[in-house]
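Structure first, then comments.
Every read-out reported here was derived from the displayed coordinates using simple, explicitly stated rules and does not represent laboratory data. Just so it is clear, the structure is predicted and the values come from calculations on it, not from any experiment. Cβ placement follows ideal geometry from the backbone for every residue including glycine, while neighbour counts extend to all protein chains displayed.
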């Protein structure tokens, strides 16, 4: 639904943020100053003893100095009460006494259809619950009792039973005036290809309702009790409500619990999550019978910065972890990673808790390994590394993995960690080319080149080499402004936004907020006002003050046509990417100069000369000032290295 311009601003003007948040917590009277609109309290999103949660009532924004939660009233209702964006807006509009604008007819029809299917799913969930308590549910109740799930746990998770009948659910729903089409669209029945009568999808299975973050039943998982069943577990098919790759089991309750615990546990299945919750770990989720997808990984990082994967202690569990590493490496950011709790062989969380109790599970979580350790083990375990050739192959594999990490600072820290592990594994006496030991041997660096500069040094060198920060800011601001003014363009270029590198830190934060906000609109791009509000809510501040430098770009203006906006965006993005790539070469060459005398200057000089700046075809018809600046910078670097070499020869 597209909101009219100024609607959210009117809500913010009428509704006090301190009043909205004050219903959920108590203000610290010693630190707060109501007269200035300055409020402090213990954060509602994580456990703490001191008041680090700050509300600026006049600006309409909150920020926690402990867990870094931030946003406005809309954000708070979404995070604290599991509301969707539109639900939060509607709640605030009611409080402000503002009528909601009329919905777009097509969007209204979609929303009505989804709401109708959700009602059908809830009716099915009630039916399955009743069947579990009936005489025909005796076998299922016995199974749940053996698994240690009493009535309280069954009620908590809405567990039910699908009787072994082809038409039990179909007939029940028909009696509730649910049409065959609605049953089919909800994924509850199977329609034979020969045109025969539809029959129940789930038969003879213990049923686990799958709910979205708002608590609506959107799908089911069924566990067969028949050893001869073709599939032990069966999930609902994808529907208008259910996207398996973007859904987590126990998402809503775990998100709230994770805010208090400051952690998130990721298990492999329903029973593992239920066992964890019942054992005192309510901050647990699971993917739905598949390997974790990129969308699910982003969902996990929205809940916690470093989720812990509690893996089954078998070969399949380890294989899943190793596959996840390749998915996660390109998506890593500073502060966002994964840890891995390796359980005893042959045990999953449910097994471990039942056999040894919650304490054993807690100990396994406390021993969780960082992802870099799993990466090292993957590349070395079971391999003989007793020759230079085999070790060189290991180095090549590690370089390949490192190359997937987009953030240069994080990539450097990974390289350092792997270098330390390599030195520990292959430590050897010192070696001199002329023979003889010469004290402690310098650790072998498998990742080539001189010592890397710090992240701060590299960033400043990049900005300087990219042809002045103001020009880099202008390009980055124009790209973001176009994306905010043209939501369809932003959604069509999300991959580009995820791969491009920004130099200005404040604009980089806005870029990440934009990517994060896109996940709120899985069906289609929203209207410009709704889109901007969602991005700013993620960012925690208005975007306009940051984007002044991009206002001169015509393609970024709200009135630009879609074709003109797309063409201008693509050209600016290509120019920016090309200049960043060349700037990186200059920055790396500068770092080589600073690597210190005594290195092989011939090698470094040749490395600089091999950078084919002059031979590369420019991405635009004429080289602009930025590109000329880069070429001049390269000439200065090469001259500096040559002078250094001559000086060394004279000495």
What are the radius of gyration and Dmax of region 316-436, computed over its Cα atoms and given in Å?
17.6, 63
Radius of gyration, Dmax [region 186-334; alpha carbons; angstrom]
16.5, 56
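How much length would be gained if the chain were fully extended between residue 143 and residue 179, taking 0.36 nm per residue of separation minus their Cα-Cα distance, in nm to one decimal? The partial results should precede the final answer.
Details: separation 36, 0.36 × 36 = 12.96 nm, distance 3.33 nm.
The residue 143-residue 179 span can extend by a further 9.6 nm.
With a 10 Å radius around each residue's Cβ, average the other Cβ atoms per peptide and rank 395-408, 43-56, highest first.
Numbers: 395-408: 15.9, 43-56: 17.8.
Going from most to least packed, we get 43-56, 395-408.
What order do you get for 376, 27, 161 when you list them from fewest to most C-beta neighbours inside 10 Å?
The order, fewest Cβ neighbours first, is 27, 376, 161.
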Residues residue 155 and residue 112, FRET efficiency given R0 of 45 Å [Cβ-Cβ distance, rounded to 0.05]:
0.90
Spin-label pair residue 166/residue 327, simplified geometry with 7 Å Cα→Cβ offset, distance in nm
3.7
Roughly how far apart, in whole Å, are the Cα centres of region 105-144 and region 224-292?
17
Hey, what D do you get for region 7-96 in µm²/s if you plug the Kirkwood alpha-carbon radius into Stokes-Einstein at 25 °C and 0.890 mPa s?
187
Residue exposure sequence - 563, 164 - by fewest surrounding Cβ within 10 Å
563, 164
With each label point set 7 Å from Cα along the Cα-Cβ vector, what nm distance links residue 564 and residue 404?
4.3
How many nm is it between the label spots at residue 387 and residue 423, if each spot is 7 Å from the Cα in line with the beta carbon?
2.8
Take the alpha carbon gyration tensor of region 118-197, find the square roots of its eigenvalues, order them as a ≥ b ≥ c, and report rounded if a/c is under 1.5; if not, report prolate when a/b exceeds b/c, else oblate.
prolate
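Please report the antiparallel percentage of the DSSP beta bridges confined to region 270-420, to the nearest 5. Write out the running numbers ahead of the final one.
Working: 3 of 8 bridges.
Antiparallel bridges make up about 40 percent of those DSSP assigns within region 270-420.
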What ratio of Cα Rg to 2.2 N^0.38 Å holds for region 1-42?
1.50
Answer rounded, prolate or oblate for region 122-264, using the Cα gyration tensor with square roots of eigenvalues a ≥ b ≥ c: rounded when a/c is under 1.5, else prolate when a/b is larger than b/c, else oblate.
oblate
